[in-house]
Amino acid sequence: MKIKNKQDIKQIIMKPTASCFCPLGQDWYKINFNISFIPKEFYPDYCDVQDFISNNINKQQLTIEEATDILYNYLQKEYLPENLTIQANVDVVQSHFPVIVIK
């Protein structure tokens, strides 16, 4: 659901998480997203964003780059923000060192 930005909100920071299975490292990992969303006319219903992550990213076989791209494209297409940046952090994974991806 799109919420009309009647309050003239300047920026929204969202910090959802997801668990994915990396097809490259053959390991489960947790992504901590840090989303900077600068709305124009609308901003998202946070429950809808959580549902999208639960249904399209969480428990899926995705690299961190793929997961970040999927979430970015969803937010961009659905809500047309003025600016959108997603930082995805993977701190604990057995197959490699911590990684941060920014889109």
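Between S19 and Q76, full extension at 0.36 nm per residue minus the direct alpha carbon distance yields a gain of 18.3 nm.
Any idea what angle helix 46-56 forms with the longest principal axis of the chain, computed on alpha-carbon atoms, 0 to 90 degrees, nearest 10? So the inclination is approximately 30 degrees.
Ordered by the number of other Cβ atoms lying within 10 Å of each residue's own Cβ, fewest first, F21, F37, F52, F97 fall into the sequence F97, F21, F52, F37.
Taking each of K6/K59; K10/K30; K4/K30; K59/K103; K6/K30 in turn, the alpha-carbon distance tops 27 angstrom for K6/K59; K10/K30; K4/K30; K6/K30.
With neighbours defined as other Cβ atoms within 10 Å of a residue's Cβ, the residues D69, D51, D8 order from fewest to most as D8, D51, D69. Take the Cβ atoms of F42 and D69, set R0 to 30 Å, and the FRET efficiency comes out at 0.90.
Each Lys or Arg adds one and each Asp or Glu subtracts one; over the other residues with Cβ under 14 Å from the Cβ of N34, this totals +2. With respect to the chain, whose longest principal axis is taken over its alpha-carbon atoms, helix 64-79 is tilted by about 10°. When the charge dipole of the chain is built from unit charges on Cβ atoms (+1 for Lys and Arg, -1 for Asp and Glu) and taken about the Cα centre, the candidate among C22, T85, F97 whose Cα reaches farthest toward its positive end is T85. Helix content alone sets the calculated 222 nm mean residue ellipticity of the chain: runs of n ≥ 4 DSSP H residues at -39500 (n - 2.57) each, divided across all residues, give -8500 deg cm²/dmol. Taking amide H positions as modeled 1.01 Å from N, with prolines and chain starts lacking one, the residues under 5 Å from I3 and 5 or more places away or on another chain are Y43, D45. Pairs of Cα atoms nearer than 8 Å and 6+ residues apart set the relative contact order; for the stretch 4-98 it is 36 percent.
How much length is gained on full extension from N83 to Q26, taking 0.36 nm per residue of separation minus their Cα-Cα distance?
Length gained between N83 and Q26: 17.1 nm.
Treating r as the C-beta distance of Q11 and N56 and R0 as 25 Å, the FRET efficiency rounds to 0.55. Ranked from largest, the principal axis spans of the Cα set of the stretch 2-102 equal 46, 22, 17 Å. Global size of the stretch 1-58: 14.2, 46 Å for Rg and Dmax (C-alpha atoms, Rg to one decimal, Dmax whole).
Readers should treat all values here as calculations from the given coordinates under stated rules, not as data from a laboratory. As the structure is a prediction and not an experimental result, all values here were calculated from the model. Every residue, glycine as well, gets a Cβ built from its backbone with ideal geometry; the counts of neighbours run over all protein chains shown.
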